[in-house]
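Working notes, structure below.
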Ligand SMILES: O=C(O)C(=O)C[C@]1(C(=O)O)C=C[C@@H](O)C=C1
């Protein structure tokens, strides 16, 4: 076929796609109307997952699983906005990694509210200014984010989804001579993630200025010709800050996991994870007894971290399964005074 003939065929297919999209959105609109009369949640991650799984299982064309995710997740985000536009608060500023995590779930069209602290994100969702909040929960190099655990404990909100993102930092500056750089801006934990890179370049003695976010670091470095930033490349681009080195983190497997929080609970999807906080009596064997119940029911515990909240020791625990699964519901009922279930949600990845 010639180029013109191929393009002609593509145009006809696009016409059909547009018609089908509109037909689909007509149905979605009706779903939205039904939900708006009952107050049921618009975002149903387990339903989206079921659609994606069904499509991937029958797919025998050129689209990879990742391509199916990319196309359909954006379409779901458009659909949700059509049902009811709902704002998304995230740990800002714009172009932060949390912003990228939020966009991966809520697409390009949603209303985003950058909030300058994790407790601030929880407050906006609790007040109802935003329907969803996106916050980091842990990083593969730096561990658990204490503010997020504290807020999950304090607020009566639910984790409704997780996002795991590979984290890459770049070294960016408007300074033309690297020897003239006198300060480096970044978030405190990012300096720790790039220690070896800074040493190798002889930049480890330069003053390190920790700021609230790597995006803010890019903004500040873009205004100072003796400064550099360790920041996401998306932030460097946003502030027209030339990138000198890409992927400067010491651990190439640097990942951050984020939680999406809201004010409703998900129905089971068949492939869920549940997070909870556990406060046990301070007596010998309390933890072993508690864990034994999970072992007996063959529930796969995937994470256990101890943490101090308000001077008291608390365990952050996760397991595969949904809180309403029969075996699990029994254990949770038995330990209801010791457990705060933080949410059951579609399992994304297990490698953090
Ligand atoms: O099935 C629903 O509950 C819908 O609202 C429709 C739809 C979709 O586009 O298929 C949109 C949003 C939900 O997150 C899940 C699915």
**Report entry** Yes/no for residue 40 being under 24 Å from residue 132 (Cα atoms), more than 13 Å from the ligand (Cβ to nearest atom) and modelled with pLDDT under 95
**Finding:** no
Query raised in the report: In the set 94, 46, which member is surrounded by 11 or more Cβ atoms within 10 Å (Cβ to Cβ) and away from the ligand (no atom under 15 Å from the Cβ)?
Result: 94
Report task. Would you mention how many residues in segment 186-205 are farther than 21 Å from residue 147 by Cβ and either touching a helix residue (DSSP H, G or I) at 6+ places or on another chain (Cβ under 8 Å) or surrounded by fewer than 18 Cβ atoms within 10 Å (Cβ to Cβ) (or both)? Result -> 10
Report summary line: Counting only residues in segment 108-137 that are at pLDDT below 95 and more than 27 Å from residue 75 (Cα to Cα), the one surrounded by the most Cβ atoms within 10 Å (Cβ to Cβ) is identified as 117
Requested in this report: Look at residue 87 and say whether it is modelled with pLDDT of 95 or more and under 17 Å from the mean Cα position of the chain (by Cα).
Outcome: yes
Query raised in the report: If you check residue 143 against the conditions, is it more than 16 Å from the ligand (Cβ to nearest atom), exposed (fewer than 15 other Cβ atoms within 10 Å of the Cβ) and modelled with pLDDT under 95?
Result: yes
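Residues checked against (1) away from the ligand (no atom under 13 Å from the Cβ); (2) outside any strand (DSSP E or B); (3) touching a residue at least 12 places away in the same chain (Cβ under 8 Å):
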{"site": "63", "(1), (2), (3)": "yes, yes, no"}
{"site": "72", "(1), (2), (3)": "no, yes, yes"}
{"site": "76", "(1), (2), (3)": "no, yes, yes"}
{"site": "80", "(1), (2), (3)": "no, yes, yes"}
{"site": "90", "(1), (2), (3)": "yes, no, yes"}
Query raised in the report: Does segment 228-236 include one or more residues that are in a loop (DSSP other than H, G, I, E, B) and loosely packed, with under 15 Cβ neighbours inside 10 Å?
Result: no
**Report entry** Residue count, segment 49-61 (criterion: within 15 Å of the ligand (Cβ to nearest atom) and out of contact with any helix residue (DSSP H, G or I) (no Cβ under 9 Å at 6 or more places or on another chain))
**Finding:** 4
Requested in this report: Looking at (1) modelled with pLDDT of 95 or more; (2) surrounded by 23 or more Cβ atoms within 10 Å (Cβ to Cβ); (3) over 16 Å from the mean Cα position of the chain (by Cα), find the lone condition where residue 174 falls short.
Outcome: (2)
Report summary line: Per the list (1) in a helix (DSSP H, G or I); (2) free of Cβ contacts under 8 Å to residues at least 60 places away in the same chain, residue check on residue 110 breaks on (1)
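The values are calculated or read from the model by the stated rules, or taken from the named source; none is laboratory data. Please read these numbers as outputs of a predicted model, since none were measured by experiment. Note that each Cβ is placed from the backbone with ideal geometry, even for glycine, and that neighbours are counted across all protein chains shown.
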